[in-house]
Each structure stands twice: as structure tokens, then as C-alpha cells.
1. Restricting attention to segment 248-314, which chymotrypsin sites (Phe, Trp or Tyr not before Pro) occupy a DSSP loop and are surrounded by at most 11 other Cβ atoms within 10 Å?
2. Can you list residues from other chains, or at least 5 along the same chain, whose modelled amide H is less than 5 Å from the amide H of Val132?
3. Among Leu191, Val162, Pro177, which residue has its Cα furthest toward the positive end of the charge dipole of segment 99-200, with +1 on Lys/Arg Cβ and -1 on Asp/Glu Cβ?
4. What does the charge dipole of segment 99-200 about its Cα centre add up to, to the nearest 20 debye, if the Cβ of each Lys and Arg holds +1 and the Cβ of each Asp and Glu holds -1?
5. Could you pull out every residue, at least 5 positions away or on a different chain, whose amide H is within less than 5 Å of the one on Val205? Hs are placed 1.01 Å off N in the peptide plane, and Pro or chain starts have none.
Amino acid sequence: MNKVFWVCVAADALLFLVLFIVTLKQPGPSSGGREMSLVFSIFLPVVIIGAAVALYVFSTASLWRTVALVVVAGPGLLLAIIHTRDAYLNYRVALPASGRGYFSSKSLQQMGEAVVRRNLATVQQLGPQFNVNEPENGDMTLLRLAVAEEFSAQDSQTPSEVPVIRALLALGARPAPGLEVATKLKDPEVLRLLLDAGADLNLNVSGSPVAFVWINIMPVANLRLLAEHGLNLNLADQFGTPLILAAAEQGNWDSVIFLLERGADPRRPDRDGRTLSSFVDERLNDQYSSAPKELVQQVRHRIDAMQRTSANGK
């Protein structure tokens, strides 16, 4: 029994040591939650195991030694295994938030962490040493990560990713991976940087041009940038829906008005023959529609004015 007891104690000690290291290495700043986890998941069980060891060492009675063995071999070992597994799983889940979890090589992990932390100096220092366009986990690149971080933090006080994005582009990062997310950013500066770097306006995302992906929330400023860089405002998605009709269907009426002002054709139908004009009439005649009546009326008036102008021109 003596050998079994000390083997169990050694196993407990090793597992709790691993648990302690994994808990400390969890990404993110130290918080009360981490301290609480250390106390209840590590320190308290270690005290209990320590008490069981003391009981085994200083007791001569077989009963108490058996109790000590049960503590270290049963609940102690089981608790150590469960907490170690949970801590490791939590670590793996939280790892992407640090920027390291998206990449496998050490250098890219360092760059990923620098991108998330907005550490411009590290990006500029490490960037020239390797291919900044190397994709990981399918299509994740450093630039895509930087743009995604900018979107995640845009409503907070977190510093902007724009300097890091500029640095990555200067290092030769291809702009395409960040274009989709950039179209929905409230600040158009990132989209401007990507377009100026040569991002493809007709980038295909899930079978449709990138302009369609976030048309439901795309700010007009971003749509204006796309137009200024040559976007075909009459293009259609994979289902044959014109951009102006897609914007209306998604409730982005400000973009509908902009597209009309820039000359997008409201008469162009989708595959079912529906046009912007017919869709607007549906919304105006639907008393339960949540569409803003004033904006829909503006669109209706602009379509009518365009039709009158067209008729007079003939």
C-alpha cells in the first residue's frame, strides 16, 4: 500500500502542477476569476491532499492510512484530472483571442499576438522575416486578423488597428483577405487602405461579389468608396438580384438612395422579375412593414422622377 500511496501522491502533484501552469498561461489579463480558479481548483485541493499525506505519514493505524489513500487515489486524483482537462480546454478556446491560436509557427504566433495587441513595433520588426500572406486554418492571414480585430473593437476604447494594417500592407500583405469585413466597418479608413492597395472590387464571397455580403449593414460611406474605385453599381449576385434591390430587401434604404443618385438602374429585375419599384410598392402597401415610410417614400419619388426624366428624354 505504501508504494501505491506515493505513486498516487506523485500523480496528484504532477497534475496540479500542470493545472497551475495552464491556468497561469490562459490568454488575457489577470482577473479575479483567475484567482478564484487558482484557489478553488488548485490551492484548496492541494491543501486537502497535503492533509491526507500528513495523515498517512503520522498515523500508524491502518484505518487512517486507508482513508488517506482513498483521498489521494480517489477524489484527489479524479479532481486533478478533471480540472486539468477543463483548464486545458479553456486555454484552447481562449487562445485565438490572443492572436496566437490562429497560427502554428512560432513566428506567426508572435505576429498574431502583436496584431491583437496593436504592437506596431513588433509587427515592423518581425514582418520582414517571413511571408505575411501565409494562410493558416483555411484562410486566416495576419491582415484578415487585423481587420477582424478592428471590427470587434470599433465600439470600444481599444486603439485602432489602422497603423498595424498600414504596416502589414507596406510589408506586402494582400488586401483581399480583409476586404469582406472592411465593407461593414463604421470607419471607412480601413476599406480605403485596402482599395488603394488594389483590393478586387469583384472579389467572390460565397458565390456573390463582396459588395453583397454585408449590404444589410454596410455604411453608405463604404458603398461610396466602392463606387469611387469603380464598382459596377448594376451588378447582381449569384441569384440574379441587383445590388440596389438587395440593399432594399435588407433594409439599407440610405444605400438605396445613394445608388439611385449614382445612376443605378431601378428597373433591372431579378430572376423572378421583381424590380426595386415593385418592391417599394410592396413595402408602401404593407401596413405591417417595419420599413421606414419616409425613406421608402423618398425612394418612390426618386424612381418616379427618373421615369419622368426618361420619358421626356424620349
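Quick note: the coordinates plus some simple rules give every number you see, no bench work behind them. Note that the structure is predicted; figures quoted are calculated from it, not measured. Virtual Cβ from ideal backbone geometry, glycine too; neighbours counted across all protein chains shown.
1. Loop-located and lightly packed - Tyr288.
2. Excluding prolines and chain starts, which carry no amide H, there are no hits.
3. Val162
4. The calculated dipole for segment 99-200 is roughly 240 debye.
5. Close amide H contacts, sequence-distant or interchain: Val210.
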